[in-house]
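The values are calculated or read from the model by the stated rules, or taken from the named source; none is laboratory data. Not measured: the values here are computed from a predicted model. Ideal geometry is used to build each Cβ from the backbone, glycine not excepted, and the neighbour counts take in all protein chains shown. The area values use the complete protein model at the heavy-atom level, side chains included, leaving out ligands, DNA and RNA. Shrake-Rupley method; radii C 1.70, N 1.55, O 1.52, S 1.80 Å.
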Amino acid sequence: MPQEEEIMAIKVSENGRLFTLQTKDSSYQMFADDKNVLLHLYYGEKIGEENLSGLIFCTDMGFAGNPEEAGPNRKYSLDTLPQEIPGSGVGDFRDDMIEIRHADGSFAADFRFDSFEILDHSYAIPGMPALYDTEEEKGETLVITMTEKASDIVLKLFYGVFEKENVITRAARLENHGETAIELEKMLSFSMDLMYENYEMIYFSGRHAMERTAERIPVQHAKVEIGSTRGTSSHHYNPAVILCEEGADETHGSCIGACLVYSGNFVAAAQKDQKNQTRFQMGIHPTNFCFHLEKGEAFDTPQAILSYSGTGLTKLSQQYHEIIREHICRGAYKHAKRPILINNWEATYFNFNEEKILKIAEQAQKLGIEMLVLDDGWFGKREDDNSGLGDWFVNEKKMNGSMAQLAEKIHKMGMKFGLWFEPEMISEDSDLYRAHPDWAFAIPGRVPNHSRNQLVLDMTREDVREYLLERLTTIVHDAKIDYVKWDMNRSVCDVYSHVAAQNRNGELYHRYVLGVYDLLERFLAACPDLLLEGCSGGGGRYDAGMMYYSPQIWCSDNTDAINRLSIQYGSSFFYPISTVGSHVSVCPNHQTGRVTPFRTRGDVALAGSFGYEMDLNKISDEEKEMVKEQVATMHTYYDLTHEGLYYRLTGLKKQDFMAWEFVAKDQSRALLTIVKTDAEGNMLPVHTKVCGLAENKLYRCSLDGEIRSGRTWNRAGLTLHQVLKEYESIRVEFTEVE
Ligand code: GLA
């Protein structure tokens, strides 16, 4: 065990029973009571290390039974105590966290405190992404071991502490040390009972091409629950939620965030109990989940990243941006400048050949664009989306030669070259399916559900992953590909593996995700210089798990600048702006038919990893000039948009404009963008907040050259003296003056 002075963040007292996790501005406290129940005592603004178990009010509530250790004490009930690890089937009637079916058929789980250990580094989870240590900052870990009261099942609770970012992580590992096998029917990543406070939950829901719309709802006795059973984290709900005090806003109020580092089925829920305590939980969705654990086998949950802010949502988001950017995103492009790309999808869809692609590249190169991405349709028999998936062999007829030849031509123009893949899928009309029908998920005796006329590969199979790894790496190496867009275009169902034992079918959804992670890990190890952009029909897998492999993700298939405002707004609560793949496309917009100014499309796309999605040969000369200007702007502000602090200046309430701001970490400058979303006659002025400028520095505003102190700008804000028409935008820069 490391020396006391080396461990700054994890404080243990009362004979190893009181645990207080300290970050810069927050504290988290647990206590193993005299019955070895692990109580949750506090998560909030930073406090001392005094034992807070006196905050618990114990009373005989009736119909709240008592465990044997309580003896005649009717006030001690597992049904009412605030706990870290609620039991199941043994007297806590609230939602449980772990459900176990034992060999005798009984359902019971009752975990009690056994021991603890402290590590002076962060913890890894086998086969899954998790926050990692860097040279600049190492996490600390508290491992608490709990034992199940009547069986040989051991539960290890992992608490990681990242002090600077006010982050505490949770994950758990369940080990079966008993002689008989058990069925694990539910196991979440965390549960906690918050004693006081009326909370509201902010969550992000949506649909394909309209992801992550922020919604807010009070937490009452009726459960507030979101989740996905689609095999991916999904367009429909994002695996990240905020519990905040009533009325909390960007700059006020206490907020607890929870973000799952996972890309599969998940659930997040909050509910008040009979004592008005809020049980808050998150983890793998229990639907279609059952892990068979023989003696010696273990199950690990994904990691949940918790973070606390006592001063509103902006601070909470900035903490998440920092932790994800520094301790989740990896690889060559973690901080390296991302190339401005042009993607041919909306320019050509499937209707392209080598000549068309080269023309798009040539024009793009002249305008300063740095990478050509060839999207769907370059392989197998793939003239539409009904066939060819799985046949990852270049269609040399369509491409007029090999991929290496095309890549060489693009590289000779001084551009990088990227390629689209959808590795996890298979078309029935493909050579791969004809050779290996058993590689697709399908339940014997049932016709599987089709979606985009494609089936899902059984990513739990080693041979499937080997095939994909060989295909991907061969093409990337042969053609010297610089970038891969890793797509995934349907929800997962009809799961059945022809190689897994039948009593292991409940493991397949999770093992699918583990298979995807394994392939990604091995692929990136073989191609370490690659920039990987995640995608799942846009933002269907826009989660912290995927960000471990792909530092940018195509945030939505919707490229409409006005819809993107809401999608990018919702995405910004947890995910760094550098992870948002965002492109300028043509108008009328292909998804919505809306017409917006070219400039606005650029300003919105600049709040992300920037690119184009159009045939640049088909735009006017004036628009070409604007492309050049946007490219230059992107370079000017790259450090702000990718590494700076992000502020949402407008909120959930409907307003007639949206505004946001990036501030350099050294507060030397800031970029503020305003987009007019609605217009009326006799237009009211746009007055916006300004945030994050250094109080004592002087800043010049690019609008009118006014020089004021950061303190004044931060408090008085900014009024536009020009009228913005509907969908028009404006960028305002603040520059420090000596
Ligand atoms: C998905 C992606 C798009 C495009 C198509 C190609 O929908 O999100 O950007 O790559 O697939 O089929």
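Some observations on this one:
- Dipole orientation for segment 270-313: of the candidates I284, L306, A270, A270 has the Cα lying most toward the positive pole (charges on Cβ; Lys, Arg +1; Asp, Glu -1).
- With Cα atoms defining each centre, segment 419-435 and segment 479-525 are spaced 13 Å apart in the structure.
- Each part reduced to its alpha carbon centroid, segment 639-654 and segment 171-214 end up 28 Å apart.
- Annotation for segment 329-407: GluC sites (Glu not before Pro) lying in DSSP loop with at most 15 further Cβ atoms inside 10 Å of their Cβ are E383.
- Each part gets one Cα centre, and for segment 31-84 versus segment 554-601 those centres are 48 Å apart.
- Space enclosed by the convex hull of the alpha-carbon atoms of segment 326-419, per residue, Å³: 124
- Around the Cα centre of the chain, unit charges on the Cβ atoms of Lys, Arg, Asp and Glu (plus for the first two, minus for the last two) sum to a dipole of about 1720 debye.
- Backbone amide hydrogens, once placed in the peptide plane, bring K138 within less than 5 Å of nothing, excluding anything fewer than 5 places away on its chain.
- Only Cα pairs under 8 Å and 6+ residues apart enter the sum, and on that basis the relative contact order of segment 46-200 stands at 19 percent.
- Using only the C-alpha atoms, the convex hull of segment 419-495 corresponds to 97 Å³ per residue.
- Mean separation of Cα pairs under 8 Å and 6 or more residues apart, divided by the residue count, gives segment 559-626 a relative contact order of 38 percent.
- Cβ-isolated cysteines (cut-off 4.7 Å), the chain: C58, C259, C290, C329, C493, C527, C535, C555, C587, C691, C701
- Cubic angstrom per residue, convex hull over Cα atoms of the chain: 169
- Expected 222 nm ellipticity per residue - DSSP helices of 4 or more, -39500 (n - 2.57), all of the chain, to 500: -6000 deg cm²/dmol
- Taking all protein chains together and rolling a 1.4 Å probe, L718 ends up with roughly 10 Å² accessible.
- Solvent exposure of E49, expressed as accessible area, is near 80 Å², computed with a probe of 1.4 Å over the protein chains only.
- Trypsin sites (Lys or Arg not before Pro) within segment 456-543: DSSP coil, no more than 13 neighbouring Cβ in 10 Å: none
- Taking 17 Å as the straight-line reach from the Cα of K618, the aspartates and glutamates in range (excluding those fewer than 8 positions away in the same chain) are E346, E355, E362.
- Each Cα pair under 8 Å and six or more residues apart adds its separation to the average, and for the chain the resulting relative contact order is 10 percent.
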